[in-house]
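Some notes on the structure that comes next.
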């Protein structure tokens, strides 16, 4: 079995409930959304066999794989997850929630982005976390419309202009103070300058 892989890298989880944990990131190519604020190159990748991916990641001491994209659920399935699970890996996904996720995941992050949150909930009723990228003025969906999760995060969008990023952060802070079921998730990897 092959996956279309954009990149593989070893770093720290930069945001959300697992922030700061060493993780192996496998970015799969392709996405079914075209978000204006997307900061990720998830275009064309290279076909890799699962055994080649395993050989590439084995030297890394962490046992967490984060499947990301683009939209990793376009390629990821239980057969792939089972292969890496048998090798002792825990597996997380960062998904836009527009497709049902495989059952064998250990940690699910749903980030509805431009998608209808009720649609994401219908396809994926539960997740370990919901993380919404937010710009100043963006309306927040009622939490009841989102998948049931342990944590709900607002993640301010980082923009080229530092002043706009600051406005997004302050807007998220104000929203959380008004709706305390949300928590703040800053993109630590961007703040400290790591991949």
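Values in this text are rule-based calculations from the coordinates and carry no lab data. Owing to the predicted nature of the structure, the values given are computational and were not obtained by experimental measurement. Here Cβ is always computed from backbone atoms with ideal geometry, including for glycine, and neighbour counts include all displayed protein chains.
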>> Could you sort the peptides 16-22, 93-99 by per-residue average Cβ neighbour count (10 Å cutoff), highest mean leading?
In response: 93-99, 16-22
> Just how many % of Cα pairs in the chain lie over 22 Å apart, if you round to the nearest whole percent?
Replying inline: 46
>> Using only Cα atoms and rounding to the nearest 10 degrees, what angle (0 to 90) does helix 162-178 make with the longest principal axis of the chain?
In response: 80
> On full extension of the chain, what length is gained from residue 174 through residue 106, given 0.36 nm per residue of separation minus the C-alpha to C-alpha distance?
Replying inline: 21.3 nm
> Applying 1/(1 + (r/R0)^6) with R0 = 30 Å to the Cβ-Cβ distance of residue 46 and residue 188, what FRET efficiency is obtained, to the nearest 0.05?
Replying inline: 0.60
> Once every DSSP H run of n ≥ 4 in the chain is given -39500 (n - 2.57) and the sum is divided by its residues, what mean residue ellipticity at 222 nm do you get, rounded to the nearest 500 deg cm²/dmol?
Replying inline: -6500 deg cm²/dmol
